[in-house]
Amino acid sequence: MRYNHKAIEAKWQKIWDQTKPFKSERDDNKPKYYVLDMFPYPSGSGLHVGHVEGYTATDIIARYKRQKGFNVLHPMGWDSFGLPAEQYAVRTGTHPRETTKKNIDTFRRQLKSLGFSYDWDREFATSDPRYYKWTQWIFTKLYEKGLAYEADMMVNFCPALGTVLANEEVEDGKAKEGGHAVERRPLRQWVLKITAYAEELIRDLDLVDWPESLKRLQINWIGKSEGAKIFFPVKDRKEQIEIFTTCPHTLFGVTYMVLAPEHPFVADLTTPEQQSAVLAYQKEVMSESDMERTEVGKKKTGVFTGSYAINPATGEPIPIWIADYVLMGYGTGAVMAVPAHDERDFEFAKQFNLPIRAVITPQEKDIKDGESVETVHEEIVKGLRCWIHDGLIINSSSRVFSINGKSVEEAKKAIVEWMEEEKSGERAICYKLRDWLFSRQRYWGEPFPILHFADGTKRVLGIDELPLIPPEISDFKPAGDGQSPLSKVKEWVEIEDPKTSRAARRETNTMPQWAGSCWYYLRFVDPGNENEAWEPGKEKYWLPVDLYVGGVEHAVLHLLYARFWHKVLYDLKLVSTKEPFQSLRNQGLIVARSFQDENNLYVEPADVVEKGGKYFHKVTGQSLKSQVEKMSKSKLNGITPDDIIEEFGADALRLYEMFMGPLEKEKVWNTDAVSGCRRFLQRFYDLSDSELLQDEDTEEANKLAHRLVRSVTKDIEALQFNTAISTMMEFINDFTKLPKHPKSAVGCLAQCLQPFAPHMAAEVWERLKLEGDINTKPYPEVDEKYLVDATATYVVQVNGKLRGRFELPKDREEKEILALAKENPLVSKHLDGKMILKVVFVPNKLLNIVTE
Ligand code: ANZ
């Protein structure tokens with residue numbers, strides 16, 4: 001009988017809602033396990049199959065760890081501040097709170113319909129004042145520690161939209177939405193000093209078990225460069241220009257200097273004759289973003305200031321220029337230019353006819369085949385070629401100092417030591433990481449707990465004044481002058497400070513969406529606490545998160561920001577671990593295969609048949625083009641979990657998404673394949689009706705069951721869910737062939753399957769009247785005695801002579817044994833150069849290879 005997934009799944013979901021088997025409390029006598037999802041932004045389009053992928057993976061681990069005796073914390077909540085709800089409010093006047101509540105209700109219903117074993121009593125939303133009270137409180141801690149400050153930052157301002165835009169919202173100087181012009185203008189903004197933690201954020205990656213590729217992304221984002229600061233005196237003045245370089249060994253090759261056009265010295269250094277050119281250039285550069293300024297191959301522009309600096313190694317005067325390719329935000333905003341060995345400087349020198357002086361010459365090992373050292377040397381010295389590779393130092397001696405003949409490494413060391421003695425420079429480290437622009441001109445975010453006074457001082461609110469709740473408004477449009485919609489609410493903004501009785505202005509910016517997701521994993525340990533953000537004992541017990549799963553799109557920002565806050569909290573002794581997320585795994589993207597006919601019209605996947613890797617129209621037989629692409633609404637290739645659950649059931653969907661392939665890999669969605677997973681569940685269900693069921697164990701069934709448990713355990717521990725599922729499928733194949741069906745073996749499969757397809761597992765468990773609650777029943781122990789026969793000794797012969805023996809799991813196929821034999825040197829040396837005429841194979845015993 002076809003099982004009724006709707007009835008079964010609804011029944012168990014109701015039971016779980018009522019009996020709360022997944023509720024977790026701190027229990028010092030039990031080992032804990034904290035498994036966390038990247039919680040969703042409750043968008044209007046509801047849950048998508050990508051959510052289901054990661055959430056199923058963590059649910060498998062949560063359920064499995066409970067079976068293994070762990071006290072499991074598996075919570076869910078909502079990252080519910082954010083732009084879409086606010087934009088919808090601007091368009092329709094609906095309060096973002098309404099939209100958000102509606103969307104959360106949908107998400108909760110959808111997650112419950114998937115049977116995830118969350119402790120729903122811990123649910124919260126970041127937009128709830130009971131939560132953001134503590135987000136604001138953490139901000140006050142950052143502020144008190146000097147890690148939150150205000151600065152005039154260049155921002156992207158779109159006059160047509162009347163708002164500031166994030167870099168990601170701007171393309172080619174235009175707003176992505178609407179294509180309106182965007183200009184750069186300075187605006188007073190809140191900034192968090194994440195750079196103070198740059199070194200620790202790199203170093204402590206050693207403490208966590210994360211994919212290497214992800215660690216690399218973070219390290220590159222932080223972008224540590226080791227080099228030196230060098231002080232260049234300005235000719236006939238007392239100022240010194242400080243530069244940062246990663247190549248101090250090229251100091252003798254410096255022929256000019258370049259300052260960022262915004263550099264504070266520019267005005268002073270500009271001579272009257274150069275004044276108008278400099279001012280015009282500065283204005284021109286204002287509108288360019290850093291990205292545009294540093295684009296490779298961009299035509300070099302710049303202006304001479306009229307002043308000269310002195311090269312501290314040679315004593316020579318060198319002209320000081322300004323150019324857009326030098327950024328104010330990196331290093332010191334000034335560079336020593338070495339056109340012979342830096343490509344940007346080389347292009348610039350060519351453009352403006354500045355001298356080029358070679359100070360490195362390649363050796364044989366440094367150049368490509370087919371080139372001669374002499375020719376390359378000549379080209380470099382004549383200024384025809386820029387040499388950015390290794391070599392020996394030349395042309396680098398003064399009366400007091402020489403590094404000629406040294407290797408680059410030696411020269412670096414020698415020159416820095418010399419400069420440190422002379423006090424003309426010092427070792428220095430620079431990071432690409434910038435401080436974090438932390439304010440947004442929005443309504444739907446956490447208000448800053450800050451009061452400004454007329455004299456420029458400010459006061460941060462005390463905990464007794466939190467949460468600071470924004471006023472109720474109905475017009476959500478930005479103010480138009482770059483200020484937040486809150487700035488329009490005069491009675492909220494302009495107040496008398498109740499603590500000092502002074503006239504004060506509230507801060508009208510709000511925090512970015514990242515703020516709420518920076519610490520939600522901490523609140524989950526104690527979500528209802530009204531007196532503290534979390535109780536220290538609970539934090540000590542539950543932290544760190546043992547396993548965190550989410551998309552690779554969060555590889556940098558979210559994970560870096562959350563680690564930063566955590567480190568600050570650690571330094572404040574508010575948390576007990578240096579890192580928040582011990583193990584982290586990424587889920588791969590689920591993509592759609594889409595089909596188009598000859599006229600490039602989309603064809604519904606339901607109308608497509610596949611033959612030998614090619615696709616045809618079911619009705620017309622027309623051959624179709626296919627491509628793999630991201631799922632999206634606009635392309636009509638999005639799959640909604642609701643539809644799949646309706647047709648196949650949540651268990652089948654969960655199983656399918658885990659069966660598609662390895663968790664971290666990209667996978668192509670195929671609705672037809674969901675029915676394969678459903679068929680497997682049906683076969684399992686049918687076992688509970690089998691006439692061959694019996695209470696007594698059999699040796700054969702025990703062997704299958706213990707092999708199953710051993711193999712599934714190993715796979716779950718390694719998060720290899722797809723192979724665990726194939727093992728369970730194989731088990732069903734073998735088990736159904738047995739003459740008797742002992743209940744205990746079916747129970748073993750139910751326990752193995754429970755993390756993957758929990759409704760069906762619970763249903764079969766109940767139908768078999770097996771003892772205990774399947775959710776918490778200890779996972780079956782493997783008894784080694786049933787495994788002994790699980791392997792066989794395969795004897796390999798070549799032309800009847802014994803050449804090798806392999807101990808392998810039973811029932812391997814001929815081609816597998818043959819492949820292993822060919823790889824084995826003891827066997828393969830007898831096969832070399834000979835043609836194989838015949839292979840004799842006796843299953844589980846022998847492979848005889850007959851050659852010419
Ligand atoms: C002299 C030199 C000679 C340089 C040479 C390179 C090669 P990374 O590795 O990315 O840290 N630089 C320094 N500050 C800059 C700024 N604000 N804007 C643009 N460029 C800047 O790059 C460090 C190098 O980038 C520095 O080393 C400097 O150029 C340049 F053969 O100094 B170098």
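The values are calculated or read from the model by the stated rules, or taken from the named source; none is laboratory data. These numbers come from a predicted model, not from an experiment. Reconstructed Cβ throughout: ideal geometry from the backbone, glycine too, with neighbour counts over all protein chains shown. Surface areas here come from the heavy atoms of the whole protein model, side chains and all, with no ligands, DNA or RNA. Shrake-Rupley method; radii C 1.70, N 1.55, O 1.52, S 1.80 Å.
A Förster radius of 51 Å, combined with the Cβ-Cβ distance separating residue 723 from residue 368, puts the computed FRET efficiency at roughly 0.65. Multiplying the residue separation of residue 596 and residue 298 by 0.36 nm and removing their Cα-Cα distance gives an extension gain of 103.4 nm.
Counting only alpha carbon atoms, the long axis of helix 212-222 and the longest principal axis of the chain meet at about 20°. Residue-wise HN-Hα couplings along the stretch 190-206, as the Karplus relation 6.51 cos²θ - 1.76 cosθ + 1.60 with θ = phi - 60° gives them from phi, are 7, 9, 9, 7, 5, 4, 5, 10, 3, 5, 5, 5, 7, 4, 6, 4, 5 Hz; Gly and Pro carry x. In the chain, the longest principal axis of the Cα atoms and the axis of helix 83-92 are about 90 degrees apart. Of the trypsin sites (Lys or Arg not before Pro) found in the stretch 244-298, those that fall in a DSSP loop while having at most 16 other beta-carbon atoms within 10 Å are 298. Solvent-accessible area of the stretch 385-436 (1.4 angstrom probe, protein heavy atoms only): carbon and sulfur portion equals 47 percent.
Of the trypsin sites (Lys or Arg not before Pro) found in the stretch 757-822, those in coil by DSSP whose Cβ has at most 14 other Cβ atoms within 10 Å are 769, 810. Note on residue 490 and residue 215: their simple-model spin labels are 5.9 nm apart, each label 7 Å out from Cα toward Cβ. A straight Cα-to-Cα reach below 18 Å connects residue 829 with the aspartates and glutamates 852, residues fewer than 8 places away in its own chain not being considered.
The alpha-carbon atoms of the chain define a convex hull whose volume equals 255 cubic angstrom per residue.
Label separation (residue 121 vs residue 426): 5.7 nm, computed from points 7 Å beyond Cα along the C-beta direction. Taken per residue, the accessible surface of the chain reaches 47 Å², heavy atoms only and a 1.4 Å probe.
Take the convex hull of the alpha carbons in the stretch 226-375; its mean projected area over all directions comes to 10.1 nm².
Calculated translational diffusion coefficient of the stretch 454-510 (10 °C, 1.306 mPa s; Stokes-Einstein with Kirkwood radius over alpha-carbon pairs) equals 126 µm²/s.
Residues whose amide H falls under 5 Å from that of residue 693, counting only those 5 or more places apart or on a different chain, are 741, with hydrogens built in the peptide plane. According to the Cα-based calculation, Rg over Rh for the stretch 673-727 is 1.04, with Rh computed by the Kirkwood formula. Taking Cα atoms only, the orientation of helix 343-352 departs from the longest principal axis of the chain by about 30 degrees.
Considering all alpha-carbon pairs of the stretch 791-851, what whole percent are spaced by more than 20 angstrom? Cα-Cα pairs in the stretch 791-851 separated by more than 20 Å: 14 percent.
The mean sequence distance of close C-alpha pairs (under 8 Å, at least 6 residues apart), as a share of the length of the chain, puts its relative contact order at 14 percent. Here the Debye sum runs over all C-alpha atoms of the stretch 677-787 as equal scatterers in vacuum, and log10 of I(q)/I(0) at q = 0.14, 0.17, 0.21 Å⁻¹ comes out as -0.49, -0.74, -1.21. Across the stretch 55-157, Cα-Cα pairs farther apart than 20 Å form 61% of the total. Put a dot 7 Å past the Cα of residue 144, heading toward its Cβ, do the same for residue 699, and the two dots end up 7.2 nm apart.
Centre-to-centre, using Cα atoms only, the stretch 202-223 and the stretch 117-143 are separated by 27 Å. For the pair the stretch 243-298 / the stretch 755-809, the C-alpha centres are spaced 69 Å from each other. Split the accessible area of the stretch 677-787 by element, probe 1.4 Å, and carbon with sulfur accounts for 46%.
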